[in-house]
Amino acid sequence: MLDTRYGLHDSQSKKEEPIQVVLLALPHCAASSVHGILDILTTANYCHSLNVGRGAPALFNLQVVTPDDEPVRAYNGAMIVPTVTMAGLRPDILIIASAVEAVTTPVFLDKHLLMLKDIYEWIRHLYAEGTLMASACTGNFLLAEAGLLEGKTVTTHWRAAEHFRHRYPDIHLQIDKILIDNGDVICAGGATAYIDMCFHLIERFAGQSLASACSKLHVFDIHRDQQAPYMMFTGFKSHKDERIKQAQEWMEQNYADQFSVDDIADRVGLGARTFKRRFKEATGETPISYLQQVRIEAVKNLLETTIKSFNEIIWEVGYEDISSFRRLFKRETGCTMEQYRKRFSYVVPSPQSGRLVRPEVAAIH
């Protein structure tokens with residue numbers, strides 16, 4: 001077993017011993033987070049063979065395991081069959097596929113994690129033996145359940161962030177990051193961030209040159225840093241404070257109006273100090289921060305669906321200080337309003353009339 005948990009391994013291509021990688025596929029996991037990882041790391045083996053000769057050992061030896069060593073049905077209905085049994089394995093790297101329930105049906109997450117309780121001791125055992133842990137998307141819920149994320153900074157799918165924070169309040173979640181490497185534990189963010197994780201592993205164990213070669217074959221930018229532009233703010237409402245829910249709903253419907261925190265507190269029949277405290281306890285946000293996020297989400301929607309000017313959009317959601325809001329938008333989304341519109345807008349002006357049309361319609365003019 002290699003010492004894989006700390007430091008770079010640019011010299012790995014000179015070693016004859018393959019890096020043993022085991023991928024844990026879970027019931028209802030995203031099939032792409034299994035097959036995609038296998039594809040990318042197999043591409044690394046191909047590029048490695050071009051460098052050192054086709055007769056040389058592979059860079060990564062790849063295996064798939066499942067709970068109970070039985071085939072599992074992925075989220076898309078495809079069956080994933082294990083290639084080895086769990087007993088006796090001592091991999092260099094364990095990659096945990098996504099737990100889709102954390103994103104699609106969080107109400108069933110507790111039940112899903114309880115069903116996997118026998119896996120946690122196995123994960124802890126491998127970690128104690130020196131295995132590097134890596135999680136794709138919401139696979140980090142399993143690492144948290146196993147107790148391996150205490151004192152670490154991690155990321156996950158943005159839509160599972162509030163559930164993660166409420167379930168594991170002592171773990172520092174940095175949700176804007178695509179990937180975080182703690183040395184012994186690597187966490188990738190949402191959905192396709194498993195791709196970033198794969199290229200990070202290739203770069204860490206075989207060097208930047210091989211990672212770059214693989215990324216070119218997959219036509220992928222290997223240095224994405226943030227998932228903030230892709231995040232959607234929905235506001236955490238899975239709490240039991242009905243007055244705070246009323247305040248949230250009122251703010252979401254009236255965000256463009258001018259009002260103070262005291263005005264909202266009065267509306268739901270609470271004193272200002274009590275309202276601020278209960279709002280923070282229930283939602284994890286201050287009232288001001290919550291309103292900012294609601295307005296930013298409204299701006300993002302207008303950038304995606306209209307060709308209104310940036311100033312017009314800012315005024316429409318209730319802001320008067322243009323430069324202040326622009327700074328806020330960039331801080332929260334990781335990009336400027338111009339960059340966001342260029343990346344996500346799906347309407348363009350018709351060259352004949354100036355009216356809005358879909359891009360595929362505009363393309364035929």
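Below are the figures for this structure:
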read-out	value
Which numbered condition residue 286 misses (of (1) surrounded by fewer than 18 Cβ atoms within 10 Å (Cβ to Cβ); (2) within 24 Å of residue 165 (Cβ to Cβ); (3) touching a residue at least 60 places away in the same chain (Cβ under 8 Å))	(3)
Residue list for the range 65-83, restricted to those being part of a helix (DSSP H, G or I) and exposed (fewer than 12 other Cβ atoms within 10 Å of the Cβ)	69
Pair list, Cβ < 9 Å and 6+ apart or interchain, from the range 81-98 residues that are within 11 Å of residue 122 (Cα to Cα) to residues that are among the charged types (D, E, K, R) and in a loop (DSSP other than H, G, I, E, B)	90/129
Answer residue from the range 115-140, given it is under 26 Å from residue 88 (Cβ atoms) and under 18 Å from the mean Cα position of the chain (by Cα) and is surrounded by the fewest Cβ atoms within 10 Å (Cβ to Cβ) among those	133
Residues located in the range 197-213, provided they are within 22 Å of residue 177 (Cβ to Cβ) and at pLDDT below 90	208, 211, 212
Odd one out for residue 307 among (1) surrounded by fewer than 17 Cβ atoms within 10 Å (Cβ to Cβ); (2) assigned to a helix (DSSP H, G or I); (3) of a type outside the set (Asp, Glu)	(2)
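The values are calculated or read from the model by the stated rules, or taken from the named source; none is laboratory data. Computed from a prediction, not measured in an experiment: that's the story for all the values here. Backbone-built Cβ (ideal geometry, glycine too); neighbour counts: all protein chains shown.
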